[in-house]
Amino acid sequence: MDARLQQYEDRMKKAYEYLESDYNAIRAGRANPHVLDKLRVDYYGTPTPIQQVGNITVPEARIIQIAPWEKSLIKAIEKAIMASDVGITPSNDGSVIRLVFPELTEERRKDLAKEVRKKAEDGKVAVRNIRRDGNDALKKMGKTEVSEDEIKLLEDQLQKLTDKYIKDMDALMEKKSKEIMTV
């Protein structure tokens, strides 16, 4: 890979990783602790990731258990979960918080699959925008710094990079859609 294209590859990789982290936050019927990744708890006035204020476990296939390190945080954690888009009401027994994931209905599965496709499309648009930025930069270089043949070669490499990341995003989308639709 040409060093001049490295910045575009890095940006495409970030777009892919963002899509991957977005998919981790989508619940698919099974308890997945990643649905809590974006949650912040008010910890002495500071928004703190939920993973840093307690121990998160999955004791059963459809239950996430949060054991806060300080019992005083139970209400704050419950409040953060209720305010989020997790869509599950937490319950606690005074020492741990449990999130019980209901079975997904067929309609909800289809909605989630649509959401997965939309997120993948957004990711692919981001990759194409990065390619456009790269091509624009190459055209500007072509007027002064390098030959037309070299520009053509760099554009082909950039297109191959774009194709690779779009293919990877499609594979990720298929995997997540399959996971969602599996009962």
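The values are calculated or read from the model by the stated rules, or taken from the named source; none is laboratory data. Remember, it's a predicted structure, so these values are computed and weren't measured experimentally. Cβ sites come from the backbone with ideal geometry, for glycine too, and all protein chains shown count toward neighbours. Side chains included, ligands, DNA and RNA excluded: accessible areas come from the protein's heavy atoms. Shrake-Rupley method; radii C 1.70, N 1.55, O 1.52, S 1.80 Å.
For segment 142-153, the criterion of a residue being open to solvent by less than 50 Å² (accessible area, probe 1.4 Å) and closer than 30 Å to ALA25 by Cα is satisfied by no position.
Screening the candidates ASP122, ASP136, ASP111 for the property of being open to solvent by 30 Å² or more (accessible area, probe 1.4 Å) and touching a helix residue (DSSP H, G or I) at 6+ places or on another chain (Cβ under 9 Å) yields one hit, ASP122. Looking only at segment 32-71, filter to residues that are assigned to a helix (DSSP H, G or I) and modelled with pLDDT under 85; which one of those is least open to solvent (accessible area, probe 1.4 Å)? Only one residue tops the list, namely LEU36. Residues of segment 3-31 that are surrounded by fewer than 19 Cβ atoms within 10 Å (Cβ to Cβ) and not in a helix (DSSP H, G or I): ALA25, ILE26, ARG30. Going residue by residue through segment 82-91, is there one that turns out to be open to solvent by less than 80 Å² (accessible area, probe 1.4 Å), over 30 Å from GLU174 (Cα atoms) and modelled with pLDDT of 85 or more? Checking segment 82-91: at least one residue is open to solvent by less than 80 Å² (accessible area, probe 1.4 Å), over 30 Å from GLU174 (Cα atoms) and modelled with pLDDT of 85 or more.
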